[in-house]
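Structure first, commentary second.
The values are calculated or read from the model by the stated rules, or taken from the named source; none is laboratory data. The structure displayed is predicted, hence computed values, not measured ones. All Cβ positions, glycine included, derive from the backbone under ideal geometry; neighbour counts span all protein chains shown. Note: areas computed on protein heavy atoms with side chains; ligands, DNA, RNA excluded. Shrake-Rupley method; radii C 1.70, N 1.55, O 1.52, S 1.80 Å.
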Amino acid sequence: MGVYQEIYDGWKSDPEGFWMDAAKAIDWVKAPSKAFFANEGVAGRWFSDGICNTCYNCVDRHVENGRGDQAAIIYDSPITDSQSTLTYTELKEEVVALAAALQRRGVVKGDRVIIYMPMVLEAAVALLACARLGAVHSVVFGGFASAELATRIDDCKPKCIISASCGIEPGRVINYKPLLDGAIELAKHKPNSTIVLQRKQQQCDLIDGRDFDYAKEVQASKDGGADVPCVDVAATDPLYVLYTSGTTGQPKGVVRDNGGHMVATHWTMKNIYGVDPGEIFWAASDVGWVVGHSYIIYGPLMHGNTTILFEGKPVGTPDAGTFWRVISEHKVSVLFTAPTAFRAIKKEDPEGKLISKYDMSNFRMLYLAGERADPDTIHWAERILKTPVIDHWWQTETGWTIAGNPVGIELMPIKYGSPTVAMPGYDIRVVSDEGEELPRDELGNVVVKLPLPPGAFPTLWNADERFKEAYLEEFPGYYKTADAGIMDEDGYLFIMARTDDIINVAGHRLSTGGMEEVIASHPDVAECAVIGIADALKGQLPAGFMILNAGVDRPVADIQTEIIKLVREKIGPVAAFKIAVPVARLPKTRSGKILRATMQKVVDGVDFKVPATIDDPAILDEIKASWSKHAG
Ligand code: COA
Ligand code: AMP
């Protein structure tokens, strides 16, 4: 039996002992008396009687334990041609100063603070300042537009919003302030104040009495000698709410607690990513996504690593060698990104010639997640990097790996197309739609036996019922991942597709239902369906099919342009919605359900069986013809 199997079996036979042992890596104000409290919360809670502070574990304890002069965060921004570093001591000063500014704005433990920022150092400081106060942050990705931000404002009701004057995308500066003002205007809930970082690329006007200048606020704290201690919170108190796409336009507010999140995330740094404190860890993602929360900010800092905060793209900033430059310049040991980033690099530099310019001697391993890692991309990355490439599978809901290759325990043989095996904490099963466990090698619903481990979400923000309905009710006793997959004889998992209407575009999780709601709001649209079509670079791309109202006689091209613009305005550029196809009819079952999965196969040109329940199979030919005419 390998070491992984021994540890996994050890967890299974004594989960309490396993997690109490892992909890020793955390500095508690009051250590928990036991790990799991089965009768608390919707489906149990972790470390309930523990008291702690996440910021203390990410910052203060390292300063106290001799890591003060070590780089905590390296900001590398090829898009603005700038770099800077904060040591753990400097990070603490910045976090304390911003925490004091938040206190002056009345923010106290339990209050929500929305963070709507680009990838700048101050974004990391903002998350940690909230954690220091026990305030609950909710980061909203910069690629979302006002209406999406407004939805989140109304759901979590922040007392304050921390933002910036602008973000920078290749070839354009995104003015955040109009988006922020627009969202506050749209939202029913109004925050008391905002703290806005003025960036030199584009400054913005501040509203007197509501908007405060980030730099001035922080300076005022420093001048006043601010000293803000870490606030005691219960292990079960929320650290953050992160909204993620569900099947409708109303995103789900995934709640992360303090104690369980610390224990689990810290455990992953050595056991899954194989890094030791002091090493340089880089997650090339965005603080707006869960990968950014767990592996740009909390995991590496909790573990005493140096984390890289990268403001740029894998290609075009300035070229497809930028990842190699960052790795060599900052001596990165481990990189974590989405497969789409490597597909983008491969497209620009198929032979991987640019890497030869850089010293990659410190680099040990590449980790991929966020979408299916296709074997071609993995093979290419292995050839270029000459290191193992590790696929691992997780979700915003879990916050850390469900199935992966636990490199720090044992590098398991790699099977291409599989994120490898279940991590301790996760008892993964593959079941039929009726909930019967399926034999090995059969495709079915991937579910996890309850309870979910520490770090995974205990509920949705203010929505216990939705939590139960969306995740726990369909397969009683199990968490529904909404992914379909196969487990083979060796316990290797293969994740094949989502079982709901979520699509994955460039590693970003998007709701087709949300896009349909926007398209249906166009006055000329009678009915619509959005599907995810296969795309060689981004994995999937959204494609909209719409039936126009009878009597509409405007040029179809105008309507298509308006619809594309509407989705960009309402959801944001991140939706990458650029295909709108007019159709006469949509394929449906006899009971009226749109056959989106079949449409997807028709458009992708893959084999499919005409569903027995289809109302009129001829519509599939019409879809194909419309697709060829308008988008193919
Ligand atoms: N603020 C504003 N706009 C943003 C944005 C942000 N933070 N992030 C992306 N956008 C915009 C892009 O500029 C693009 O706009 P466009 O339609 O005008 O070109 C649009 O949103 C779609 O973005 P994206 O799908 O990311 O496409 P891209 O062409 O900009 O980049 C990749 C493609 C593959 C290079 C990029 O998605 C990438 O690096 N992905 C891998 C890393 C990652 O993000 N992982 C996430 C989870 S781990
Ligand atoms: P997110 O919540 O944005 O992290 O998206 C989670 C979803 O992305 C999962 O439910 C999967 O559908 C998909 N996903 C993430 N990682 C992988 C992976 N390694 N392999 C296959 N699909 C993945």
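Have a look at Ser84, Pro277, Gly605 and report the one farthest towards the positive end of the charge dipole of the chain, computed about the Cα centre with Cβ charges (Lys/Arg +1, Asp/Glu -1).
Ser84
Any idea how far the Cα center of the stretch 540-584 sits from the one of the stretch 222-297, in Å?
If you average the Cα positions of each part, the centres end up 37 Å apart.
Too long at a 18 Å Cα-Cα cut-off: which of Lys331/Lys353; Lys270/Lys449; Lys34/Lys109; Lys313/Lys347; Lys468/Lys593; Lys313/Lys565?
Working: Lys331/Lys353 20 Å; Lys270/Lys449 25 Å; Lys34/Lys109 25 Å; Lys313/Lys347 14 Å; Lys468/Lys593 24 Å; Lys313/Lys565 24 Å.
Violating the 18 Å Cα-Cα cut-off are Lys331/Lys353; Lys270/Lys449; Lys34/Lys109; Lys468/Lys593; Lys313/Lys565.
Nothing charged except the Cβ atoms of Lys and Arg (+1) and of Asp and Glu (-1): what's the magnitude of the dipole of the stretch 166-253 about its Cα centre? Round to the nearest 20 debye. Write down the numbers at each step before the final one.
Values: 10 positive and 12 negative charges, 74 e Å.
In debye, rounded to 20, the stretch 166-253 gives about 360.
Quick check: net charge around Gly249, other residues with Cβ under 13 Å of its Cβ, Lys/Arg +1 and Asp/Glu -1? Intermediate values should be presented prior to the final figure.
On the way: positive: Arg152, Lys252, Lys570; negative: Glu148, Asp154, Asp155, Asp501, Glu516, Glu517.
Result for the local shell: -3.
For the stretch 334-349 and the stretch 385-463, what is the separation of their Cα centres, given in Å?
With the stretch 334-349 and the stretch 385-463 each reduced to a Cα centre, they are spaced 23 Å.
Count the net charge of all other residues whose Cβ sits under 15 Å from the Cβ of Gly572, scoring Lys and Arg as +1 and Asp and Glu as -1. Kindly include the intermediate steps, with their values, before the conclusion.
Numbers: positive: Arg152, Arg172, Arg509, Lys565, Arg568, Lys570, Lys578; negative: Glu148, Glu169, Asp286, Glu517, Glu569.
That sum, taken over residues with Cβ under 15 Å, equals +2.
Please list, in chain and number order, the residues 5+ apart from Asp391 or on another chain whose amide H is under 5 Å from its amide H, with Hs placed from the backbone.
Sorted by chain and number, the residues that satisfy this are Leu368.
Under the √(5λ) rule applied to the eigenvalues of the Cα gyration tensor, what semi-axes describe the equivalent ellipsoid of the stretch 506-631? Give them in Å, descending. Intermediate values should be presented prior to the final figure.
Values: eigenvalues 93, 71, 34 Å².
Over the Cα atoms of the stretch 506-631, the semi-axes work out to 22, 19, 13 Å.
Round to a whole number: what % of the accessible area of the chain belongs to carbon and sulfur, probe 1.4 Å?
Details: 12030 of 23850 Å².
Roughly 50 percent, rounded to a whole number.
Summing +1 for each Lys or Arg and -1 for each Asp or Glu, what net charge is found among the other residues whose Cβ lies under 14 Å from the Cβ of Leu206?
On the way: positive: Arg105, Lys177, Arg199, Arg210, Lys216; negative: Asp181, Asp205, Asp208, Asp211, Asp213, Glu217.
Around Leu206, the charge tally is -1.
Which residues' amide hydrogens lie under 5 Å from the amide hydrogen of Glu527, considering only partners 5 or more residues apart or on another chain, with H built in the peptide plane?
Ile547
Students often check this: by mean Cβ neighbours within 10 Å, which of 80-91, 435-446, 532-543 ranks highest, and how do the rest follow? Working shown, then result.
Values: 80-91: 16.8, 435-446: 14.9, 532-543: 19.4.
Descending packing order for the listed peptides: 532-543, 80-91, 435-446.
What order do you get for 255-266, 136-147 when each peptide is scored by the mean count of other beta carbon atoms within 10 Å, highest first?
Numbers: 255-266: 26.9, 136-147: 22.9.
Those peptides, ordered most packed to least, come out 255-266, 136-147.
Counting only DSSP beta bridges with both residues in the chain, what percent are antiparallel, rounded to the nearest 5? List each step's numbers first, then the result.
On the way: 60 of 98 bridges.
So the antiparallel bridges in the chain amount to around 60 percent.
How would you rank 568-575, 39-46, highest first, on the average number of other Cβ atoms within 10 Å across their residues? Please list the in-between numbers first.
Values: 568-575: 19.6, 39-46: 17.2.
Result, highest mean first: 568-575, 39-46.
Okay, helix-only estimate at 222 nm for the chain: each DSSP H run of n ≥ 4 adds -39500 (n - 2.57), divide by all residues, round to 500 deg cm²/dmol; what do you get? Can you show the working numbers first?
Numbers: 18 runs with 182 residues, N = 632.
Using -39500 (n - 2.57) per qualifying helix, the result is -8500 deg cm²/dmol.
Evaluate the Debye formula for the chain with equal point scatterers sitting on the alpha carbons, no solvent, and hand back log10 of I(q)/I(0) at q = 0.07, 0.10, 0.12 Å⁻¹, in q order, two decimals.
-0.43, -0.91, -1.35
Just to confirm my numbers, what's the Cα centroid distance between the stretch 131-202 and the stretch 1-35 in Å?
After rounding, the separation between the Cα centres reads 39 Å.
In debye, nearest 20, what is the charge dipole magnitude of the chain about its Cα centre with +1 on Lys and Arg Cβ and -1 on Asp and Glu Cβ, if you could check? Don't jump to the answer; show the numbers that get you there.
Working: 64 positive and 84 negative charges, 193 e Å.
Dipole size: approximately 920 debye.
Along the charge dipole of the stretch 506-631, pointing to its positive end and built from +1/-1 on Cβ of Lys, Arg, Asp and Glu, which listed residue (Gly507, Pro523, Leu595) has its Cα farthest out?
With unit charges placed on the Cβ atoms, the residue in question is Gly507.
Per residue, how much accessible surface does the chain expose to a 1.4 Å probe? Answer in Å², no decimals.
Per-residue accessible area for the chain comes out at 38 Å².
Assign unit charges at the C-beta atoms only (+1 for Lys and Arg, -1 for Asp and Glu), then state the dipole size of the stretch 133-189 relative to its Cα centre in Debye, rounded to the nearest 20. Could you put the intermediate results ahead of the total?
Details: 6 positive and 6 negative charges, 27 e Å.
My answer is approximately 140 debye.
What does DSSP give for the stretch 506-631 in terms of the percent of beta bridges that are antiparallel, rounded to the nearest 5? Mind dumping the intermediate values first?
On the way: 12 of 15 bridges.
Counting DSSP beta bridges with both partners in the stretch 506-631, the antiparallel share is about 80 percent.
Along the positive direction of the dipole of the chain (beta-carbon charges: Lys, Arg +1; Asp, Glu -1; about the Cα centre), which of Val447, Gly182, Pro542 reaches farthest?
Comparing the listed Cα positions along the dipole, Gly182 ranks first.
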